[in-house]
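Working notes, structure below.
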Amino acid sequence: MLTIGCHLSTTKGYTAMGETARSIGANTFAFFTRNPRGGNAKPLDLDDVAGLRSILDEDKFGRLVAHAPYTYNPCSAKERAREFALGAMAEDLQRMEALPGQLYNFHPGAHVGQGVDAGIELIVDALCRVMFEGQRTCVLLESMAGKGTEIGRTFDELARIIDGVEARRPELAGTDVLGVCLDTCHISDGGYDIVGDLDGVMAEFDRTVGLERLQAVHINDSKNPRGAHKDRHEVIGGGYLGNPELGGGECVLQAIVTHPALRDLPFILETPHDDLSGYAREIAYLRGLAG
Ligand code: FE
Ligand code: FE
Ligand code: ZN
């Protein structure tokens with residue numbers, strides 16, 4: 001069965017997220033580890049976390065994909081911004097130990113003119129400092145659209161970050177602690193032809209990063225054509241991936257959810273909907289396509 005869900009609000013707590021997920025036919029979900037605009041995280045209510053853990057067990061959920069606030073920039077040119085991102089990520093990873101075995105994805109960041117090499121170096125440094133031996137959460141680098149000076153648009157950049165961490169901290173080597181989350185809107189925006197040649201794109205990922213590193217998928221349609229570097233998500237079937245009028249189609253979506261390299265991973269919807277019914281519909285639709 002397809003493991004699929006959407007991004008949920010943490011406002012009512014962890015157990016409530018599990019209940020909501022269940023009510024819309026999801027068997028995974030994503031959530032921000034704290035307010036996406038940054039700021040302090042609420043102290044963890046362990047009873048509430050335990051409530052979620054029993055739902056995950058009972059309903060055989062796949063792994064959850066926690067998301068670091070997108071305002072973190074671990075490769076900022078400003079030391080204060082970097083230190084803020086580092087402190088928050090380190091704390092997030094400690095808190096995630098209360099819910100062991102899940103995924104934690106983050107945006108590698110924007111080098112803001114320092115150059116790709118310098119940016120990658122700062123991200124490697126950040127990961128070496130926030131990850132710890134024995135951590136039970138797998139940290140995922142999200143593939144990015146390449147908006148502005150974003151790092152992580154190419155598979156090569158993602159591979160260089162992973163290689164850098166493993167070279168410097170061999171005790172943190174392994175696919176169980178560091179991997180990649182592919183975002184379908186972002187990779188199309190980044191220039192990869194997942195509409196015309198998904199197999200070719202996945203083969204390239206395998207050659208550069210290694211498919212064993214791939215741990216989650218953000219499944220989003222895109223408001224813009226391939227290579228646009230805009231990062232504007234569209235509802236499933238409404239954009240350049242799934243809409244036949246824009247050169248995509250249902251077969252593209254079906255190819256994604258049934259691809260041997262992807263079909264067993266957690267799929268997270270980050271599509272624009274005003275309420276949960278939109279996600280319930282997309283979950284049912286993609287489950288149908290997965291067969
Ligand atoms: Fe993201
Ligand atoms: Fe995403
Ligand atoms: Zn995005």
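The values are calculated or read from the model by the stated rules, or taken from the named source; none is laboratory data. Just so we're clear, the structure is a prediction, and the values are computed from it rather than from any experiment. Neighbour counts run over all protein chains shown; Cβ positions are idealised from the backbone, glycine included. Just so you know, the surface numbers come from the protein's heavy atoms only, side chains and all, with ligands and any DNA or RNA stripped out. Shrake-Rupley method; radii C 1.70, N 1.55, O 1.52, S 1.80 Å.
Does Phe132 satisfy being buried (at least 19 other Cβ atoms within 10 Å of the Cβ) and in contact with a helix residue (DSSP H, G or I) (Cβ under 8 Å, 6 or more places away or on another chain)?
Details: buried (at least 19 other Cβ atoms within 10 Å of the Cβ): no; in contact with a helix residue (DSSP H, G or I) (Cβ under 8 Å, 6 or more places away or on another chain): yes.
Judged against the criteria, Phe132 is not a match.
Within the stretch 221-255, being open to solvent by 50 Å² or more (accessible area, probe 1.4 Å) and of a type in the set (A, V, I, L, M) holds for one residue alone: Leu246.
Using the structure shown, decide if Leu127 is in a strand (DSSP E or B), surrounded by 22 or more Cβ atoms within 10 Å (Cβ to Cβ) and among the hydrophobic types (A, V, I, L, M, F, W, C).
Values: in a strand (DSSP E or B): no; surrounded by 22 or more Cβ atoms within 10 Å (Cβ to Cβ): yes; among the hydrophobic types (A, V, I, L, M, F, W, C): yes.
The answer is no for Leu127.
Report, by residue number, each residue of the stretch 45-56 that is touching a residue at least 40 places away in the same chain (Cβ under 8 Å) and loosely packed, with under 13 Cβ neighbours inside 10 Å. Leu46 - this is the single residue of the stretch 45-56 that is touching a residue at least 40 places away in the same chain (Cβ under 8 Å) and loosely packed, with under 13 Cβ neighbours inside 10 Å.
Regarding the stretch 70-83, can at least one residue be identified that is open to solvent by 20 Å² or more (accessible area, probe 1.4 Å) and aliphatic (A, V, I, L, M)? Please lay out each step first, then the result.
Here is the first cut: in the stretch 70-83, the residues open to solvent by 20 Å² or more (accessible area, probe 1.4 Å) are 70-71, 73, 77-83.
Next, from what is left, pick out any that are aliphatic (A, V, I, L, M): 77, 81.
Scanning the stretch 70-83, I find at least one residue that is open to solvent by 20 Å² or more (accessible area, probe 1.4 Å) and aliphatic (A, V, I, L, M), so the answer is yes.
Pairing residues of the stretch 1-26 that are under 16 Å from Phe267 (Cα atoms) with residues that are open to solvent by 50 Å² or more (accessible area, probe 1.4 Å), at Cβ distances under 7 Å and at least 6 apart in sequence or on separate chains, gives Leu2/Arg287; Ile4/Arg287; Arg22/Asp59; Ile24/Leu276; Gly25/Ala284.
Among the residues of the stretch 103-158, those identified as over 19 Å from Leu93 (Cα atoms) and basic (Lys, Arg) are Lys147, Arg153. Residues in the stretch 256-276 that are open to solvent by 60 Å² or more (accessible area, probe 1.4 Å) and farther than 19 Å from Gly200 by Cβ: Asp264, Pro272, Asp274, Asp275, Leu276. Scanning the stretch 22-41 for residues that are open to solvent by 40 Å² or more (accessible area, probe 1.4 Å) and outside any loop (DSSP other than H, G, I, E, B) gives Arg22, Ser23, Phe32.
From the list Gly119, Gly152, Gly148, the one residue that fits, being farther than 30 Å from Asp45 by Cβ and either among the aromatic types (Phe, Trp, Tyr) or outside any loop (DSSP other than H, G, I, E, B) (or both), is Gly119.
Among Ala110, Ala145, which is the only one that is within 16 Å of ligand 3 (Cβ to nearest atom), open to solvent by less than 10 Å² (accessible area, probe 1.4 Å), closer than 24 Å to His7 by Cα and small (Gly, Ala, Ser)?
Details: Ala110 fails: open to solvent by less than 10 Å² (accessible area, probe 1.4 Å).
Answer to the check: Ala145.
Of Leu44, Leu2, all but one fail to be in contact with a Lys or Arg (Cβ under 8 Å, 6 or more places away or on another chain), modelled with pLDDT of 95 or more and not in a helix (DSSP H, G or I); the exception is Leu2. In summary, Pro225 fulfils each of the numbered conditions (1) within 28 Å of Gly25 (Cα to Cα); (2) out of contact with any His (no Cβ under 6 Å at 6 or more places or on another chain) with the single exception of condition (1).
Here Glu245 meets the list (1) closer than 18 Å to Leu182 by Cβ; (2) over 16 Å from the mean Cα position of the chain (by Cα) almost entirely, failing just condition (1). The numbered conditions (1) more than 16 Å from ligand 3 (Cβ to nearest atom); (2) in contact with a Phe, Trp or Tyr (Cβ under 7 Å, 6 or more places away or on another chain); (3) over 18 Å from Lys12 (Cβ atoms); (4) among the aliphatic types (A, V, I, L, M) are all true for Ala68 except (1). Restricting attention to the stretch 172-204, the residues that are surrounded by 15 or more Cβ atoms within 10 Å (Cβ to Cβ) and within 16 Å of the chain's Cα centre (by Cα) total 15.
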